[in-house]
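First the structure, in the form of structure tokens, and then the observations on it.
The values are calculated or read from the model by the stated rules, or taken from the named source; none is laboratory data. Predicted, not measured: the structure shown is a model, and the values here were computed from it. Reconstructed Cβ throughout: ideal geometry from the backbone, glycine too, with neighbour counts over all protein chains shown. What goes into the accessible areas is simple: the full protein's heavy atoms, side chains included, and nothing from ligands, DNA or RNA. Shrake-Rupley method; radii C 1.70, N 1.55, O 1.52, S 1.80 Å.
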Amino acid sequence: MTITQISTDGQMMADTLSVMEKAPESIGLMDLMIKGGYMMIPLYILFVLAIFIFIEKVITLRKASKSPKNLMDQVKILVQAGKIEQAKMLCQQEDTPVINMVQKGLERIGSPLKNIEVSIENVGKIEIYKLEKNLGILATVAGAAPMIGFLGTVAGMIRAFIGVAQEEGMVSPKLLSTGIYEAMITTATGLVVGIIAYLGYNYLVSQVSKLVHSMEYSSIEFIDLLQDK
């Protein structure tokens, strides 16, 4: 082996070690979140708000959608037997939209059927309002988060190019690329928050629609029961 070959091999090994030492370190998720800038703060707040509303509404809807089938059957039997007071006491054991509507109807027995229908409808409107409460906020988060993220990206790009403009001589590609990827973090975060809020909103709307349909069916069934009585 010649001295030239040894020198060449040594240089190659040195170059390899140099490349390995300069290999970029992996960037963690927390590092990315921190580098996103101050516009990440409202996105964090919107994310927490969306998760809180989603969980709260899921719990509310599950509680409201408890099937009162056995209870409704007992109420029908009592109403047909003329035991209205016992039917009222039975309804007080549950606190669901359907039962609240039926209870209001029981309280109006003796009034004209039209008045009973109006009373039940009014209670139904109140219950629907409770079910849909805060859904508008979730829809707002779904629309606002991507726009806030894009705004953060624009602001970050402006800062990056101002930094480039203030550099004298050759501009380092690292300086430019770092500023750009840090600016893009807010857009990615805004899209993630917006997608999560959007999916959560549509899921909750579908669940509310099912529950409203159940309320309408139960109210019609109760009115038919009073007509047959």
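Could you calculate the FRET efficiency of Ala155 with His213 from 1/(1 + (r/R0)^6), where r is the beta carbon distance between them and R0 is 35 Å, rounded to 0.05?
For Ala155 and His213, the calculated efficiency is 0.15.
Could you tell me the relative contact order of region 68-228? Use alpha-carbon pairs under 8 Å, at least six residues apart, and round to a whole percent.
Over region 68-228, the number comes to 26 percent.
Along Cα→Cβ, 7 Å out, is where each label goes; now give me the distance between the ones at Gln80 and Glu132 in nm to one decimal.
For Gln80 paired with Glu132, the spin-label model returns 3.6 nm.
Out of Ile55, Pro42, Leu78, whose Cα points farthest toward the positive end of the dipole of region 42-90 (charges: +1 Lys, Arg; -1 Asp, Glu; placed on Cβ)?
Looking along the dipole axis, the top candidate is Leu78.
In whole percent, how big is the carbon plus sulfur part of the accessible area of region 68-228, probe 1.4 Å, protein atoms only?
61
Taking a threshold of 29 Å on the Cα-Cα distance, which of the pairs Lys76/Lys133; Lys57/Lys114; Lys83/Lys130; Lys57/Lys83; Lys57/Lys104 fall above it?
Lys76/Lys133; Lys57/Lys114; Lys83/Lys130; Lys57/Lys83
Of the peptides 145-155, 52-62, how do they stack up when ordered by the mean number of other Cβ atoms within 10 Å, highest first?
145-155, 52-62
Hey, can you rank 121-133, 38-50 by average C-beta count inside 10 Å, highest first?
38-50, 121-133
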